[in-house]
Structure formats: structure tokens, C-alpha cells
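The values are calculated or read from the model by the stated rules, or taken from the named source; none is laboratory data. Model, not experiment: these values are computed from the prediction. Please note: Cβ atoms are built from the backbone with ideal geometry, for glycine as well, and neighbour counts cover all protein chains shown.
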Amino acid sequence: MATNVAASPRAWPRRRPGWVGVAAAAALVLPAGCGSTAHRSTATGNEPPAALLAEARPIGRGVRFQPPADGAIVGPCRRSLGHRQGVHVELFAADRVVLVATGIGTRPPRQIATGRISSAACYGELVTLDPTGLVLVRPGSRPVLADLFRAWGQPLSPKRLASFSASPGASVEVFVNGRRWVGPPGEVAMRPHSEIVLEVGPHVPPHKAYTFPPGT
């Protein structure tokens, strides 16, 4: 069910079943490391489960891993965020997390509260309000990944993922709900509650699902 997510700015998303990365959660204080699936505690009760550690990747440093939003607004830019449906998108390159920028699909001036955009001049068909990878899509629109990257201002092709190029003989890998996508990355439909993972470089086991904030 769609809802007005602007009414609940502290509704941070959580991932199921694992973490984006141990360093990611610590560095940004994002609960991406908190899943809804219970795990057996370790001997001390403080260490993360070994299975999650095997999946964990740190956030890359610098503008290549944290490119800002600098693209065109997709669709009508309306003054109200309105009702939205969530899609989760993750990027990995060079064995690191690439952050999906805050502010995709929005126009300044923007106001930030608790690390999240609380208001903007207007909002397009797909927007990001924080760097968790949660993309909020206007119901009735049918965006594909190419639209997200155009609004972000980053390239996407079978050989290119944002600032990173696939090595010779390799290509950008895409997984939708844990299943490999066969076809151009830009053609992946951003359907509500999809978990979409894009990778270039060493393979990272993709997650199959994501726990979305209530109402999205």
C-alpha cells in the first residue's frame, strides 16, 4: 500500500536477511545492518553472525563510491512528495558499497533532518531522501533502472556502473530479488518492493529481499 512517507521521516529501512556492511552501518549510523530475520547469537553476544560477515562490504571512500545527485528530474516535479512505493537498489564495485545518492529526483532548496531530506522544492517520479538505497516511486509511474541513473546523473550500461567499468570479458551483473537478470541493466523494471542489486568486480552474494518502512 502506498502512503505519504514524508509524514514519517525517521522510518529508516531495514534489510533482510543481512547487512550492507559492518563498516557501512558504523560509518553512517544506518540500520542497513539490522535485518528482520533472527540469527543465533555468538559466544559473547556482540559479534555479528559469520554468515553476515561473509556478505558484509565496507562503503567505498571518495566521490567514485559516493557520487552526488546531478541529473535531470524524471516526470513531473511536484511540490508535494505525495504517496510513494518503495524499491531498494544496491550497488557494489571493487568489493565496496557504492552509495545511492541522497536527493535524486528532487530540486533545491532542500532541508535535511536527521540525515534525511525533510523537504525540497519539488519531487519527481522517483526520488531518494537518504543514502540507504531506498527509492520512492510515484504510484502509476513505471520507471526502469535507466530512469534512476538518468535522474542520478550516472552512467549505466552492460559495461559501466556509475564510475566503474567492467573488466575485459566481464559485464555489470544485475540481480532482482536474488535472481540474475539477463538483459541490459537499464531495462530492469523498478516494481514496488523489488530488491535490485548491481555489481561490477568481485561477486557479492546478492540479497533476495529488503524490509521496507511501514506503508511503502
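Here are some notes:
- Residue that is aliphatic (A, V, I, L, M), touching a Leu at 6+ places or on another chain (Cβ under 6 Å) and modelled with pLDDT of 95 or more, where the choices are Val98, Val89: Val98
- Residue within region 70-78 that is of a type in the set (Gly, Ala, Ser) and assigned to a helix (DSSP H, G or I) present: no
- Selection over region 178-191 of residues that are assigned to a loop (DSSP other than H, G, I, E, B) and either within 13 Å of the chain's Cα centre (by Cα) or free of Cβ contacts under 8 Å to residues at least 24 places away in the same chain (or both) gives a count of 4.
- Scanning region 77-87 for residues that are under 10 Å from Thr216 (Cβ atoms) and not basic (Lys, Arg) yields His83, Gln85, Gly86, Val87.
- Which listed residue, of Ala170, Ala162, is aliphatic (A, V, I, L, M) and within 16 Å of the chain's Cα centre (by Cα): Ala162
- In region 49-101, residue farthest from Val172 (Cα to Cα) [restricted to those that are among the β-branched types (Val, Ile, Thr) and surrounded by fewer than 20 Cβ atoms within 10 Å (Cβ to Cβ)]: Ile73
- Complete set of residues in region 107-130 that are crowded, with 23+ Cβ neighbours inside 10 Å and in a strand (DSSP E or B): Tyr123, Leu126, Val127
- Some residue of region 167-186 being crowded, with 17+ Cβ neighbours inside 10 Å and either closer than 27 Å to Arg78 by Cβ or modelled with pLDDT under 95 (or both): yes
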